[in-house]
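Asks: Can you read through this structure? Questions will come right after.
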Amino acid sequence: MSKQKALQFLDKNDLECAICLERLTEPKTLECLHSYCLHCLQSLIKTSGKIKCPKCCKMYDDLNQFDLKDLTTNEMLSYQVKFVGNIESEKPPKCSSCDNQPEYYCSECQMYLCGQCIKHHKIIPSLKDHPLYTLDNIEGEGKDLHNKIDFEKIESAKPPKCSSCQNQPEYFCSNCKIYQCGQCIQQHKIIPSLNDHPLYILDKNEEDDLLNKCKVHRDRMLEFYCRTCSKSGCKKCEHVLSCYHSEHNVIPFKIAVDEFNQNVTEVMKEAEDIKEKLNGTRDTITKQRSDFESRIQICRTAIDLQEENLIKKIQEKTRAMATHLDKVDKENKELVDDRVKHIDQQLTKVNEIMPLINTMMNQPEERETLKSHEVNINVVRKETLESKYDESIKITAPTFIPSKNLDKVLDLEGIGKMSNAEYTYEVAEDEVPITVTMGQTFEVKVVSSSTKSEASLLTATLNNESGEESATEVKHHGGVDYRVTGRCHKEGKWKMTIIAKGEQIKGSPVNIGVEALGLVHTIDNIKQLSKGNKVADLILDKDGFIIVSSFSRVLLKFNQEYLFIGRIEVQEDVQVCCMHQMGDGHILYSDYLNNTVVMCDDQFHQISTFGQGTLKIPRGLTVNKNTRTMYVADYGHQCVFKFNVDNGKLLGKIGSYRVEGGEMYEPQGVALTKEGNINVADYGNNTIQMFDANDKFMRILVDSGRKDGHVYNPHHVAIDSEENMLVSSNHKLQLFDKNGIFIKRIDDGGFTFPFGIAIISNQPRRVAVANYGSNNVKIYNY
């Protein structure tokens with residue numbers, strides 16, 4: 001096999017040295033056929049006096065400093081390193097066939113191709129053996145092409161999928177005998193040896209064609225639309241030519257259909273919003289009426305019981321109060337019936353208009369009719385949604401309060417009085433101005449003077465300085481506690497105003513500061529401060545300082561403004577890799593040099609060690625505070641070891657070396673869920689796996705892949721206060737929910753091999769990441 005042919009099977013990670021984790025330089029091959037940088041082998045000899053292969057662990061006691069240069073130079077790897085360097089330095093911003101970002105390079109065609117176009121490249125027999133080099137994967141989208149040739153045999157044999165991808169086929173190449181979609185056909189036309197192949201464009205759906213055919217010349221498709229005349233036509237239609245001569249506003253028919261459908265969709269959405277609002281208001285009124293009737297009955301019962309305990313002289317006042325209550329009940333019922341009747345009328349209007357609007361889809365000639373429907377919809381919207389319509393129909397139920405000192409006031413007040421006031425509410429004293437990130441859910445605690453649930457009496461509004469509003473929700477949390485939740489969709493200053501019985505409660509409004517998402521700060525002076533070592537991990541100590549490790553005995557300390565405070569030095573002959581803050585004043589770290597785990601106090605003074613002679617290459621670690629179990633991901637033994645954190649006893653291990661679910665290949669990170677499940681960043685298998693508290697494999701949370709929502713070479717995993725999962729993998733940082741469902745990508749594309757993760761703030765949600773490749777620390781709001 002030629003050197004160039006070998007590139008077809010090349011992965012960029014194959015060119016990394018397993019010692020320095022960077023691109024190979026002067027690769028030398030040991031007898032075990034594993035290759036490493038010459039300078040890395042020289043460093044091993046200098047530090048330990050002998051060489052132990054990091055991959056297979058074979059010992060080379062007879063090699064010395066002078067023998068290393070005589071080792072066989074891996075010419076194939078040297079060629080590939082040089083070739084890859086040339087490719088990456090010349091990588092264009094776009095695919096050679098489309099506007100997507102390139103993911104592959106073909107050395108024979110000398111073209112950079114995206115993920116869609118490479119499928120076409122592989123399916124064509126004359127191209128499938130071309131050597132390919134895999135670049136970073138970034139999805140893109142293609143563009144449509146248009147041609148038309150009649151060919152019935154091709155249509156009858158049309159498959160359900162494109163020969164290169166999962167899309168529906170749109171073209172057939174008679175030379176290559178393959179069916180292609182609109183995106184893949186671009187690759188076909190850009191390659192010189194294929195661009196002359198005859199192409200046939202498959203027919204579209206017959207119903208779609210019928211809708212788009214000219215009503216005068218039925219064998220032709222509609223091609224133009226005149227905005228001035230509101231007419232459609234084909235090239236043969238005389239009125240189209242007349243419109244051009246009269247300088248009317250003539251546009252392609254497809255653009256007219258898209259614009260019209262967009263308008264129809266917007267009107268339908270507005271109608272749906274109105275319908276939903278009206279139904280919600282109607283349901284609220286009906287519920288309030290039901291609650292009101294219940295309270296009326298309670299008042300009647302209280303009045304009757306009070307009446308039985310009083311002497312006959314108060315019976316007249318009792319009947320007078322009951323009569324007054326009947327009057328209030330009647331007036332309220334009439335008001336509610338009137339409001340419900342009015343809402344039903346409005347709903348009838350909306351329900352009558354919506355089917356008429358829906359039938360007008362793809363009919364731009366009905367623009368005037370649509371406009372009249374839109375006017376009718378706006379009339380209902382202005383009356384019910386843009387005014388204080390809801391506030392005018394709120395119902396407040398009366399409450400009976402027995403009279404005190406009855407003998408003194410009986411003649412003046414009767415047996416009691418009616419009042420709507422019952423409880424008092426206030427914002428909890430420990431609630432301070434809140435700071436969150438854009439889109440983050442937050443809670444405001446409210447306390448009541450009564451343990452009875454009356455959440456319906458509380459309402460809250462959330463507004464920013466521009467008057468924009470965001471939804472809120474009030475829930476009773478038992479006893480006297482309530483929670484008002486909200487979420488702000490735009491950065492800036494917001495206020496939450498909480499109302500009870502028509503008035504603001506004590507402590508309202510609550511100030512909410514909303515910060516923007518994305519990169520907050522980059523700490524770039526790691527190399528200078530750590531004397532050339534590369535960043536590995538970071539934690540937040542008990543005082544809120546950020547502690548950074550860098551595969552050495554020196555730790556760096558930064559404050560919350562990300563300013564350097566000073567260095568912390570641990571004992572000699574130690575290289576701190578990953579760290580874990582236990583929360584009880586103790587800190588754990590994996591010693592990369594001695595293959596142990598060390599427990600120390602908050603000043604990094606050693607207390608005890610774990611795993612001597614058991615651990616091989618310990619990386620990420622965490623502790624279950626309830627069971628006192630420590631979990632250590634061992635990169636060398638392909639498993640997660642378990643220790644008792646109090647006495648150091650080995651409790652067992654999870655997983656072994658394989659590539660199936662439940663087994664591991666070079667695990668790097670480990671984290672615990674609220675339920676005590678163990679999430680493992682399986683670097684070699686490119687997955688995030690979950691095990692239960694009994695070490696039983698549950699499922700793969702995140703599968704392998706380079707696209708967003710998947711992981712490739714995951715390094716570390718962390719779980720935040722909302723039980724979301726953060727994962728650092730090759731070149732990116734992603735956020736998943738606790739079930740492994742992809743939420744979003746957090747980083748801005750500026751990562752090169754991110755390692756450790758530390759959540760440094762819950763409100764706002766903020767994370768710090770050790771960016772190993774660029775040797776810096778990046779801080780993001782997410």
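Asks: Looking at the stretch 100-122, which of its residues are under 18 Å from GLN180 (Cβ atoms) and assigned to a loop (DSSP other than H, G, I, E, B)?
Replies: ASN100, CYS109, CYS114
Asks: So, one more: Do we find that THR472 is β-branched (Val, Ile, Thr) and over 21 Å from LYS506 (Cβ atoms) in this structure?
Replies: Numbers: β-branched (Val, Ile, Thr): yes; over 21 Å from LYS506 (Cβ atoms): no.
When the stated conditions are applied, THR472 does not pass them.
Asks: Residues that are under 30 Å from MET360 (Cα atoms), of a type in the set (D, E, K, R), at pLDDT 75 or above and open to solvent by 70 Å² or more (accessible area, probe 1.4 Å): does the stretch 192-212 have at least one?
Replies: no
Asks: Answer yes if at least one residue in the stretch 694-703 is surrounded by fewer than 24 Cβ atoms within 10 Å (Cβ to Cβ), aromatic (Phe, Trp, Tyr) and more than 28 Å from TYR562 (Cα to Cα), and no otherwise.
Replies: yes
Conditions tested, residue by residue: (1) modelled with pLDDT of 85 or more; (2) open to solvent by less than 70 Å² (accessible area, probe 1.4 Å); (3) touching an Asp or Glu at 6+ places or on another chain (Cβ under 9 Å); (4) not polar (S, T, N, Q).
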{"position": "LEU21", "(1), (2), (3), (4)": "no, yes, no, yes"}
{"position": "CYS37", "(1), (2), (3), (4)": "yes, yes, yes, yes"}
{"position": "LYS46", "(1), (2), (3), (4)": "no, no, no, yes"}
{"position": "ASP61", "(1), (2), (3), (4)": "no, no, no, yes"}
{"position": "GLY85", "(1), (2), (3), (4)": "no, yes, no, yes"}
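Asks: In the stretch 500-519, what count of residues is obtained for those that are of a type outside the set (Gly, Ala, Ser) and touching a Pro at 6+ places or on another chain (Cβ under 9 Å)? Full working, then the answer.
Replies: Initially, the stretch 500-519 is screened for residues of a type outside the set (Gly, Ala, Ser), giving 501, 503-506, 509-512, 514-515, 517, 519.
The next check asks that each one be touching a Pro at 6+ places or on another chain (Cβ under 9 Å); those that pass are 510-512, 514-515.
Qualifying residue count, the stretch 500-519: 5.
Asks: Of these, VAL474, VAL447, which one is touching a helix residue (DSSP H, G or I) at 6+ places or on another chain (Cβ under 8 Å) and free of Cβ contacts under 8 Å to residues at least 40 places away in the same chain? Walk me through how you get there before you give the answer.
Replies: Working: VAL447 fails: touching a helix residue (DSSP H, G or I) at 6+ places or on another chain (Cβ under 8 Å).
The unique qualifying residue is VAL474.
Asks: Looking at LEU517, LEU538, LEU457, which is the one that is of a type outside the set (Asp, Glu), open to solvent by 40 Å² or more (accessible area, probe 1.4 Å) and in contact (Cβ under 8 Å) with a residue 60 or more places away in the chain? Write out each step before concluding.
Replies: Details: LEU538 fails: open to solvent by 40 Å² or more (accessible area, probe 1.4 Å); LEU457 fails: in contact (Cβ under 8 Å) with a residue 60 or more places away in the chain.
None of the others qualify; the one that does is LEU517.
Asks: Any residue in the stretch 551-565 that's under 11 Å from ILE526 (Cα atoms): show its pairings with residues that are of a type in the set (Ser, Thr, Tyr) and surrounded by 13 or more Cβ atoms within 10 Å (Cβ to Cβ) at Cβ separation under 8 Å, as long as the two are six or more apart or on different chains.
Replies: LEU555/SER549; LEU556/SER530; LEU556/SER550
Asks: Give all pairs with beta carbons closer than 6 Å in which a residue from the stretch 650-677 that is farther than 17 Å from VAL717 by Cα meets a residue that is of a type in the set (Gly, Ala, Ser) and open to solvent by 30 Å² or more (accessible area, probe 1.4 Å); count only pairs at least 6 apart in sequence or on separate chains.
Replies: What qualifies is GLU663/SER656.
Quick grid of which residues meet (1) surrounded by 17 or more Cβ atoms within 10 Å (Cβ to Cβ); (2) modelled with pLDDT of 95 or more:
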| residue | (1), (2) |
| --- | --- |
| TYR657 | no, no |
| GLU660 | no, no |
| GLU663 | yes, no |
| GLN668 | yes, yes |
| ALA671 | yes, yes |
| ILE678 | yes, yes |
| TYR683 | yes, yes |
| ASN686 | yes, yes |
| MET690 | yes, yes |
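Asks: Also, I was wondering about something else. Which residues, counting only those in the stretch 545-579, are over 16 Å from VAL777 (Cα atoms) and crowded, with 23+ Cβ neighbours inside 10 Å?
Replies: The answer is VAL576, and nothing else.
Asks: Consider only pairs whose beta carbons are under 7 Å apart and that are at least six residues apart or on different chains; among these, list those whose first residue lies in the stretch 313-341 and is under 24 Å from ARG282 (Cα atoms) and whose second residue is modelled with pLDDT of 80 or more and open to solvent by 40 Å² or more (accessible area, probe 1.4 Å).
Replies: VAL340/ARG282
Asks: Within the stretch 662-692, work out how many residues are farther than 21 Å from LYS732 by Cβ, in contact with a Ser or Thr (Cβ under 7 Å, 6 or more places away or on another chain) and not hydrophobic (A, V, I, L, M, F, W, C).
Replies: Selection size over the stretch 662-692: 1.
Asks: Would you be able to say whether some residue in the stretch 764-771 is in contact (Cβ under 8 Å) with a residue 24 or more places away in the chain, under 24 Å from GLN581 (Cβ atoms) and open to solvent by 20 Å² or more (accessible area, probe 1.4 Å)? Even if it seems obvious, please write down each step before you answer.
Replies: Our first condition is that a residue be in contact (Cβ under 8 Å) with a residue 24 or more places away in the chain; within the stretch 764-771, this holds for 764-771.
So of that shortlist, the ones also under 24 Å from GLN581 (Cβ atoms) come out as 764-771.
Narrowing the set further to residues that are open to solvent by 20 Å² or more (accessible area, probe 1.4 Å) leaves 765-766.
Yes; the residues of the stretch 764-771 include at least one that is in contact (Cβ under 8 Å) with a residue 24 or more places away in the chain, under 24 Å from GLN581 (Cβ atoms) and open to solvent by 20 Å² or more (accessible area, probe 1.4 Å).
Asks: Ok, one more. Being aliphatic (A, V, I, L, M) and either in contact (Cβ under 8 Å) with a residue 40 or more places away in the chain or at positive phi (or both) is the filter; apply it to the stretch 344-375 and report the residue that is most open to solvent (accessible area, probe 1.4 Å).
Replies: Keep residues of the stretch 344-375 that are aliphatic (A, V, I, L, M), which gives 347, 350, 353-354, 356-357, 360-361, 370, 375.
Next, only the ones that are either in contact (Cβ under 8 Å) with a residue 40 or more places away in the chain or at positive phi (or both) stay: 347, 350, 353-354, 357, 360-361, 370.
Working: LEU347: 18, VAL350: 1, ILE353: 20, MET354: 21, ILE357: 0, MET360: 11, MET361: 67, LEU370: 11 Å².
Looking at residues that are aliphatic (A, V, I, L, M) and either in contact (Cβ under 8 Å) with a residue 40 or more places away in the chain or at positive phi (or both), I get MET361.
Asks: Out of (1) part of a helix (DSSP H, G or I); (2) surrounded by 16 or more Cβ atoms within 10 Å (Cβ to Cβ), what's the single condition that is false for GLU293?
Replies: (2)
Asks: Follow-up. Determine whether VAL446 is outside any strand (DSSP E or B), at negative phi and surrounded by 18 or more Cβ atoms within 10 Å (Cβ to Cβ).
Replies: Numbers: outside any strand (DSSP E or B): no; at negative phi: yes; surrounded by 18 or more Cβ atoms within 10 Å (Cβ to Cβ): yes.
Judged against the criteria, VAL446 is not a match.
Asks: Can I ask one more? If a residue must be without any contact (Cβ under 8 Å) to a residue 24 or more places away in the chain, in contact with a strand residue (DSSP E or B) (Cβ under 8 Å, 6 or more places away or on another chain) and farther than 18 Å from GLN116 by Cβ, how many such residues does the stretch 86-102 contain?
Replies: Matching residues across the stretch 86-102 total 0.
Asks: Contact list please: Cβ distance under 8 Å, first residue in the stretch 247-269 and assigned to a strand (DSSP E or B), second residue among the acidic types (Asp, Glu), pairs at least six apart or on different chains.
Replies: Correct list of pairs: PRO252/GLU223.
Asks: Now for a different question. From the list GLY648, GLY636, exactly one residue is in a loop (DSSP other than H, G, I, E, B) and closer than 24 Å to GLY661 by Cβ. Which is it? Before you say what the answer is, go through the steps one by one.
Replies: On the way: GLY648 fails: closer than 24 Å to GLY661 by Cβ.
Criteria check complete, one pass: GLY636.
The values are calculated or read from the model by the stated rules, or taken from the named source; none is laboratory data. Small disclaimer: the values here were computed from a predicted structure and weren't measured. We place every Cβ from the backbone using ideal geometry, glycine too, and count neighbours over all the protein chains shown. Calculation scope for accessible area: heavy atoms of the full protein, side chains included, ligands and nucleic acids excluded. Shrake-Rupley method; radii C 1.70, N 1.55, O 1.52, S 1.80 Å.
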